[in-house]
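Worksheet: one structure, shown below.
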Amino acid sequence: MKLVTAVIRPEKLEDVKTALAEAGYPSMTVTDVKGRGKQKGVEQTWRGETYRVDLLNKVKVEIGIIDDEVDEVLGVLEEAASTGSIGDGKVFVTPVERALRIRTGETGEEAL
């Protein structure tokens with residue numbers, strides 16, 4: 001089992017949710033987060049003053065999947081979340097040792 005964590009632009013969330021659901025992955029956890037990448041934020045001008053916003057609003061999408069689904073999910077995320085610009089985000093894949101569905105007591109892949 002794997003946990004896929006995607007940190008994406010907030011405006012791409014609906015596209016990502018739709019694409020994942022259409023590909024057969026409707027379950028996810030979504031969290032509003034702030035972060036920055038190599039660009040270390042952006043410079044903006046407001047009322048003639050330039051200032052740096054170093055933590056940008058992002059959305060974290062987490063999906064638990066079986067090992068064989070990783071490449072498909074990564075492809076869906078890349079296509080749905082990409083704008084082709086700096087700040088599109090990152091996707092991380094980490095191993096999951098155990099999973100438990102609280103309501104039914106199912107464990108492992110059945111819990112996903």
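Taken together, the values in this text are just the output of simple stated rules run on the coordinates, not laboratory data. Keep in mind it's a predicted model, so treat the numbers as computed, not measured.
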_Which label in (i) 32, 14, 12; (ii) 19, 16, 14; (iii) 66, 16, 11 gives the computed semi-axes √(5λ) of the Cα gyration tensor in Å_ = (i)
*So what's the back-of-envelope 222 nm ellipticity for the chain, counting only DSSP H runs of four-plus at -39500 (n - 2.57) apiece and dividing by all residues, rounded to 500?*
-6000 deg cm²/dmol
_Whole-Hz ³J(HN,Hα) from phi, Karplus 6.51 cos²θ - 1.76 cosθ + 1.60, for region 68-82, glycine and proline x_ = 5, 9, 4, 4, 5, 5, 4, x, 4, 5, 4, 5, 6, 9, 7
*Using Cα centres only, tell me the gap between region 1-19 and region 78-106 in whole Å.*
7 Å
